[in-house]
1. Could you check, for segment 137-156, whether at least one of its residues is within 16 Å of ligand 1 (Cβ to nearest atom) and out of contact with any strand residue (DSSP E or B) (no Cβ under 7 Å at 6 or more places or on another chain)?
2. I'm trying to understand the selection: among the residues of segment 176-189, which are part of a loop (DSSP other than H, G, I, E, B) and within 20 Å of PHE234 (Cα to Cα)?
3. Going through VAL174, VAL184 one at a time, which residue ends up being at pLDDT 95 or above, under 16 Å from ALA50 (Cα atoms) and within 16 Å of ligand 2 (Cβ to nearest atom)?
4. Spot the failing condition for ASP71; the list is (1) surrounded by fewer than 16 Cβ atoms within 10 Å (Cβ to Cβ); (2) away from ligand 2 (no atom under 14 Å from the Cβ); (3) touching a residue at least 24 places away in the same chain (Cβ under 8 Å); (4) not aromatic (Phe, Trp, Tyr), and only one is missed.
5. Output the number of residues of segment 199-236 satisfying the condition of being over 19 Å from the mean Cα position of the chain (by Cα) and either closer than 20 Å to HIS83 by Cα or of a type in the set (Asp, Glu) (or both).
6. Could you tell me how many of the residues in segment 157-168 are touching a strand residue (DSSP E or B) at 6+ places or on another chain (Cβ under 7 Å) and not charged (D, E, K, R)?
7. Scan segment 91-109 residue by residue and report those that are open to solvent by less than 10 Å² (accessible area, probe 1.4 Å) and either within 26 Å of ASN147 (Cβ to Cβ) or among the aliphatic types (A, V, I, L, M) (or both).
8. Just to verify a result, which residue in segment 74-90, among those that are among the polar types (S, T, N, Q) and buried (at least 24 other Cβ atoms within 10 Å of the Cβ), is nearest to LEU51 (Cα to Cα)?
Amino acid sequence: MQTEKPLEKQTKSEIENPKSEIRMSQIISFVNNPYQENTYILYDETGECALIDPGMYTASEQNVVVNFIRDNKLTPTMLLNTHCHIDHVLGNKFVFEQYGLKPQFHAGELNILAAIPAYAPQMGIRYMTSPLPDHYLPETGTVSFGNTELQLVFAPGHSPAHLCYFDEATNLLVGGDVLFRGSVGRSDLPGGEYDLLLRNIREKLFTLPQDCVVYPGHGPETTIGYEKKTNPFFNY
Ligand SMILES: [Zn+2]
Ligand SMILES: [Zn+2]
């Protein structure tokens, strides 16, 4: 299943006229695995792309992603995880085998990743062990591919070292399991902390532009401003 998400800032003529000076990334989501996790591909005019939280589990889920990359002549140059819960890393091994990319995430997620082989069988999930990063990401700074730069937003609370990725030029946030449309991430899993989660949303997400589009790890996208106004965890 896939849904194309053209950028809200782009006008119709810009989309139809590739010669216009667009310096923006595009994002597409794929809903994968039994947890209905959102896998994202972020790509720009250079043809380079980042895979974020690859959750492909079945062969057909893998094929949909591979076909999209091939059909759009994209070159995957970066594999990012927001955090290391099983639903967000199920496709890491496949991406490594297919494109030679090792994941990048914050080292504080390593215990979460290491715990997966023990609990995956209990959940009836076949887990292909993720490769480990060559480089771990810091709490602040940037990562980049093509012409796209992503700012790291460190927002633990759902997991111990959760990162969100903010693309300022396109005004979008790949948010993982921190903030959902009308909800927030669970904080009852190991490494979770409710007060910390809400504080990070208030201080690090709600301070982003109000029209910034949030692409979460589950469910539909939303905006910072909409959640600030309507999210029941902050409006009561
Ligand atoms: Zn999670
Ligand atoms: Zn998740």
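1. Checking segment 137-156: at least one residue is within 16 Å of ligand 1 (Cβ to nearest atom) and out of contact with any strand residue (DSSP E or B) (no Cβ under 7 Å at 6 or more places or on another chain).
2. ASP177, VAL178, ARG181, GLY182, GLY185, ARG186, SER187, ASP188
3. Only one candidate passes the filter, namely VAL174.
4. (3)
5. Selection size over segment 199-236: 3.
6. The number of residues fulfilling the criteria is 6.
7. Once the filter is applied, which keeps residues that are open to solvent by less than 10 Å² (accessible area, probe 1.4 Å) and either within 26 Å of ASN147 (Cβ to Cβ) or among the aliphatic types (A, V, I, L, M) (or both), segment 91-109 yields GLY91, ASN92, VAL95, PRO103, PHE105.
8. That would be ASN81.
The values are calculated or read from the model by the stated rules, or taken from the named source; none is laboratory data. All figures in this text were calculated on a predicted structure; none of them were measured in a lab. Glycine also receives a Cβ, built like all others from the backbone with ideal geometry; neighbour counts cover every protein chain displayed. Side chains are part of the model used for accessible areas, which takes the heavy atoms of the whole protein and leaves out ligands, DNA and RNA. Shrake-Rupley method; radii C 1.70, N 1.55, O 1.52, S 1.80 Å.
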